[in-house]
1. State all residues of the stretch 99-114 that are crowded, with 20+ Cβ neighbours inside 10 Å and within 15 Å of I19 (Cα to Cα); if no residue qualifies, say none.
2. So for the stretch 54-62 (the condition being more than 17 Å from the chain's Cα centre (by Cα) and at pLDDT 95 or above), does at least one residue qualify?
3. How many residues does the stretch 17-56 contain that are basic (K, R) and more than 13 Å from the ligand (Cβ to nearest atom)?
4. Pairs please, first residue from the stretch 93-115 and of a type in the set (K, R), second anywhere and not in a loop (DSSP other than H, G, I, E, B), Cβ atoms under 7 Å, 6+ apart in sequence or on different chains.
5. Given the criterion of a type in the set (K, R) and in a helix (DSSP H, G or I), identify the matching residue among R22, R47, R10, R18.
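The values are calculated or read from the model by the stated rules, or taken from the named source; none is laboratory data. Only a predicted model underlies this, so the values are computations on that prediction, with no experimental measurement involved. Here the Cβ positions follow ideal geometry from the backbone for every residue, glycine too, while neighbour counts run over all protein chains shown.
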Amino acid sequence: MMTYRPEPDRDSQEWWERIATREFAVQRCDMCGTTRFPARAFCPACRTEAWHWQEVEPEGRVESWIVNHQPFMPGAREPYVVVMVRLAAVPGCLVYGNWHGERPPEPGERVRASYNRIDETLTLVNWTPAGG
Ligand SMILES: [Zn+2]
């Protein structure tokens with residue numbers, strides 16, 4: 001169910017490499033400790049350039065979603081659901097991903113990332129119900 005192919009850039013390359021090893025990491029500022037995602041060169045809070053990766057629980061809550069009915073890519077199955085997830089580890093951060101649930105998502109639902117290995121160089125993050 002390949003719908004698009006992300007193009008890693010200078011800032012996100014290592015994030016994709018970590019995802020390929022099933023490590024969900026965000027950046028943490030060395031100066032003020034603010035976590036951020038997606039990857040960028042400097043801290044949006046204090047503009048410090050020093051930072052390190054920090055592995056976090058790949059969990060969040062469903063903020064919203066869309067059901068796509070348009071064949072953007074040949075071979076993609078429609079319809080499919082794209083969820084917007086508020087990451088628990090990074091306040092204010094929203095991430096997108098394919099929904100992998102047996103039913104539609106619900107508002108505020110707890111979800112957890114799962115990893116969908118596409119090929120040698122690309123693993124995508126999907127979201128599934130966290131349960132419990
Ligand atoms: Zn900072």
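1. Narrowing the stretch 99-114 to residues crowded, with 20+ Cβ neighbours inside 10 Å: 99, 105, 111, 113.
Matches in the stretch 99-114: A113 only.
2. Residues of the stretch 54-62 that are more than 17 Å from the chain's Cα centre (by Cα), as a first pass: none.
Scanning the stretch 54-62 turns up no residue that is more than 17 Å from the chain's Cα centre (by Cα) and at pLDDT 95 or above.
3. Pass one, the stretch 17-56, residues basic (K, R): 18, 22, 28, 36, 40, 47.
Filter once more, so that each one left must be more than 13 Å from the ligand (Cβ to nearest atom): 18, 22.
Looking only at that region, the number is 2.
4. So the pair list comes out as R110/E59; R110/R61; R112/E59; R112/T128.
5. Values: R22 fails: in a helix (DSSP H, G or I); R47 fails: in a helix (DSSP H, G or I); R10 fails: in a helix (DSSP H, G or I).
Step by step, each of R22, R47, R10, R18 is checked, and only R18 is of a type in the set (K, R) and in a helix (DSSP H, G or I).
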